[in-house]
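The values are calculated or read from the model by the stated rules, or taken from the named source; none is laboratory data. Nothing here was measured: the structure is a model prediction, and the numbers come from that model. What goes into the accessible areas is simple: the full protein's heavy atoms, side chains included, and nothing from ligands, DNA or RNA. Shrake-Rupley method; radii C 1.70, N 1.55, O 1.52, S 1.80 Å.
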Amino acid sequence: MEFPIADLLDYESSVAWIRRHFHPTGFKCPECGAPRNRARIFRETRRSQLVVYRCNQCDTVYNLYSGTIFQQTHLTPMQVVLLMRGICKGESSKVLAAELKLNYFTVLRLRHAAQVNAEKAQPDTPLLDQHTETDEMFRMLGKKGDEHFDPADRRVVAPTKNAAWHL
């Protein structure tokens with residue numbers, strides 16, 4: 001079921017979330033680093049509902065998405081928040097595209113860009129612990145079905161009740 005969840009978020013909370021997570025050192029000019037309070041409003045976009053600023057020091061035009069993977073996209077702040085939520089939850093690109101009313105390939109491109117950035121942010125140093133612990137994972141240990149003595153017989157058989165499921 002496709003659920004139009006983008007209608008449930010409001011603009012201000014989405015913008016605040018984007019500022020907190022994509023501009024942790026403060027929202028400023030990407031060219032000279034002047035704080036946002038030293039810029040004037042240049043225009044407001046209709047499609048993405050973003051305010052575009054012009055820096056008073058270097059005349060650079062920028063918005064909330066400048067310097068992020070969402071630069072030069074026409075997504076609303078609500079779509080950005082929900083897209084990042086879906087990517088982090090592991091939802092499929094097809095479902096995200098349908099729920100957010102976006103093109104599948106746009107969602108896929110942004111997902112790949114987010115994954116590349118997340119991989120770059122991983123530390124290169126080894127873990128300090130000698131032993132590490134991971135989450136549990138269900139694995140099937142044992143036979144998947146009846147034995148096939150004939151290599152030409154490639155039937156897929158449902159697991160027998162003797163198959164062992166183990167953590």
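Observations
- Of the solvent-accessible surface of segment 21-68, computed with a 1.4 Å probe over protein heavy atoms with every protein chain present, carbon and sulfur atoms account for 42 percent.
- Rg [Å, one decimal], Dmax [Å, integer] - segment 40-91, C-alpha atoms: 13.0, 42
- Cα point-scatterer Debye curve for segment 6-110, base-10 log of I(q)/I(0) at q = 0.25 Å⁻¹: -1.42
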